1. When both residues are 6+ apart or on different chains and their Cβ atoms are under 6 Å apart, which pairs have a first residue that lies in segment 15-36 and is farther than 16 Å from residue 59 by Cα, and a second that is among the small types (Gly, Ala, Ser) and open to solvent by 10 Å² or more (accessible area, probe 1.4 Å)?
2. Given the structure, is residue 134 open to solvent by 20 Å² or more (accessible area, probe 1.4 Å), without any contact (Cβ under 8 Å) to a residue 24 or more places away in the chain and under 27 Å from residue 34 (Cα atoms)?
3. Can you name the condition, by its number, that residue 155 falls short on among (1) touching a residue at least 40 places away in the same chain (Cβ under 8 Å); (2) of a type in the set (A, V, I, L, M); (3) in a loop (DSSP other than H, G, I, E, B)?
4. Mind listing whichever residues of segment 187-217 are without any contact (Cβ under 8 Å) to a residue 12 or more places away in the chain and either hydrophobic (A, V, I, L, M, F, W, C) or closer than 20 Å to residue 40 by Cβ (or both)?
5. Give the residue, chosen from 44, 60, 56, that is in contact with a Leu (Cβ under 8 Å, 6 or more places away or on another chain) and not hydrophobic (A, V, I, L, M, F, W, C).
6. Of all residues in segment 147-158, how many are under 18 Å from the mean Cα position of the chain (by Cα) and under 22 Å from residue 104 (Cβ atoms)?
7. State yes or no: is residue 213 open to solvent by less than 60 Å² (accessible area, probe 1.4 Å), at pLDDT 95 or above, of a type in the set (Ser, Thr, Tyr) and touching a Gly at 6+ places or on another chain (Cβ under 8 Å)?
8. Is there a residue being crowded, with 16+ Cβ neighbours inside 10 Å and of a type in the set (A, V, I, L, M) anywhere in segment 115-124?
Amino acid sequence: MLSTLPRLIGHRGAKESAPENTLASLREAARQGAAWVEVDVMLTRDRVPVLIHDDTLERTTNGAGPVPELTLAELKALDAGSWFDTRFAGETVPTLEEALGLIRKLGLGLNLEIKPYPGQEVPTADVALDLLTRLWPGGLPLLVSSFEVPCLEVARDRAPEIPRGYLLWDPPADWSAIADRIGAATLNVHQDRQTAESVAAYRATGRPVLAYTVNDAARARTLFGWGVAGVFTDAPGRLAAELAAATTP
């Protein structure tokens, strides 16, 4: 599934131009020419996987409190678009099933980040992997990633055929051994923390390195020069245009 990795992956869709982790943001990423998108999944109180990044609702909806305290019906009653722009009023938090249907229709590759509420690592991964194995079509690239090792262990055991990305912020001393144990296909690292030496160390494991979140063309060129295979960006269209302009004689 990872025979080709794009240089640019739309982060939470195209969150510079549309409310993140919504169907509108996925459509916008496709409109901007993204080949892949990255989204985050978490469980509702009734164990439905939905697209949302934060543990709580305040930043990206008109609701309040922890995500897993609400049922899907209660979550669907919230507005997940107006905070970004009134043009997106009425946009809802999509279910993972809704998002997968749209992503398939758009013909995009997907990096699904399993982002569980604390203490829900195993059930979140279990539910998300069950849905992926039933609904994701062959032929479209797919990567499942997480910061949480238990999530990646579930992914390894439940669906070993789906490549896994090990997300790193402040890598533990034994990160390479962990990557081996979970069978990581990629190492997804924070771009601000990288140097030529750190990228070289990651690449020495034989795995592609993906860097998040890169919205500046000069920084993207530096990372690519160090051997980073691809970057997650809030602005796939703008960044692609700026990178292309920089290489035009």
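The values are calculated or read from the model by the stated rules, or taken from the named source; none is laboratory data. Model, not experiment: these values are computed from the prediction. With ideal geometry, Cβ positions are generated from the backbone for all residues, glycine too; neighbour counts draw on all protein chains shown. These accessible areas exclude ligands, DNA and RNA; they are computed on the full protein's heavy atoms, side chains included. Shrake-Rupley method; radii C 1.70, N 1.55, O 1.52, S 1.80 Å.
1. 28/17; 32/237; 33/237
2. In short, yes.
3. (3)
4. 192, 201, 204
5. 44
6. Result for segment 147-158: 1.
7. Here the answer is no, as residue 213 does not meet what is asked.
8. no
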